[in-house]
Amino acid sequence: MDELVVADAGPLIALGLVDALEALARLHGGVFVPHAVRIECTARPDKPAAVAIERAFALGHLAPQPDRIVLAGRPIGTLDAGESAAIELAEALGARLLVDERRGRAVARARGLTVVGTVAVLIAARRRGFVQALGPLFDRLAAGGYFLSNALIKAALAQVGENESSGRPT
């Protein structure tokens, strides 16, 4: 996965909840974040994910991108400003797009972008040894209000040889 990636807010918040932003950076040649996405991620600065995201910026794991880099700077269809900015920046850089929201993924794919999501990042991080186990991370995501379907969790755990109940290798 050592390619450039542009991140939308949802995955950054999720990865911030489980302390996996450094793993995201280690998996990619650069993690670019449009200004609109950063604003969305840190709108509630007291939230643990917002603190983790700002720390990741300070450590250089995330690269902020000013709005002037974004081509049009206005929402695409029904997408919010952050998703629109992320799609446009990914297009401009020829980068992958890290997005979880269904509509954002569909628009990005229709525009020819390669799309990855939070779970794909966590699977890659687990395979490379950047995180120890997925099961506990999925539990933390659920506790933080981040929804993943049971089928997706089961498939992800199976891909890395963990069982559903314990997150331990099978």
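Scanning segment 1-43 for residues that are out of contact with any Gly (no Cβ under 9 Å at 6 or more places or on another chain) and within 15 Å of Gly145 (Cα to Cα) yields Leu12, Leu15, Gly16. Taken over segment 108-129, the residue count meeting the criterion of being open to solvent by 50 Å² or more (accessible area, probe 1.4 Å) and under 25 Å from Lys47 (Cβ atoms) is 0.
Among the residues of segment 7-23, write down those that are open to solvent by less than 30 Å² (accessible area, probe 1.4 Å) and touching a Pro at 6+ places or on another chain (Cβ under 8 Å). Gly16, the sole residue that qualifies. Considering segment 24-37, and only residues there that are surrounded by fewer than 22 Cβ atoms within 10 Å (Cβ to Cβ) and within 19 Å of Glu83 (Cα to Cα), the residue that is modelled with the lowest pLDDT turns out to be Gly30. Arg103: modelled with pLDDT of 90 or more, among the basic types (Lys, Arg) and open to solvent by 60 Å² or more (accessible area, probe 1.4 Å), yes or no? Against the criterion (modelled with pLDDT of 90 or more, among the basic types (Lys, Arg) and open to solvent by 60 Å² or more (accessible area, probe 1.4 Å)), Arg103 qualifies. Every condition in (1) part of a loop (DSSP other than H, G, I, E, B); (2) open to solvent by 40 Å² or more (accessible area, probe 1.4 Å); (3) more than 17 Å from Pro34 (Cα to Cα) holds for Leu148 except the one numbered (2).
I need the full set of residues from segment 27-36 which are part of a helix (DSSP H, G or I) and closer than 12 Å to Val5 by Cβ, in order please.
Leu27
Restricted to segment 48-75, and to residues there that are assigned to a loop (DSSP other than H, G, I, E, B) and at pLDDT 95 or above, the residue that is most open to solvent (accessible area, probe 1.4 Å) is Leu59. Exactly one residue out of Ala56, Ala25, Ala63, Ala50 is touching a His at 6+ places or on another chain (Cβ under 9 Å), touching a residue at least 24 places away in the same chain (Cβ under 8 Å) and among the small types (Gly, Ala, Ser), and it is Ala25.
The values are calculated or read from the model by the stated rules, or taken from the named source; none is laboratory data. The shown structure was predicted, so the numbers you read here are calculated from the model rather than taken from an experiment. No Cβ is skipped: glycine too gets one built from the backbone with ideal geometry, and neighbour counts run over all protein chains shown. Protein only, heavy atoms only, side chains kept; ligands, DNA and RNA dropped before computing areas. Shrake-Rupley method; radii C 1.70, N 1.55, O 1.52, S 1.80 Å.
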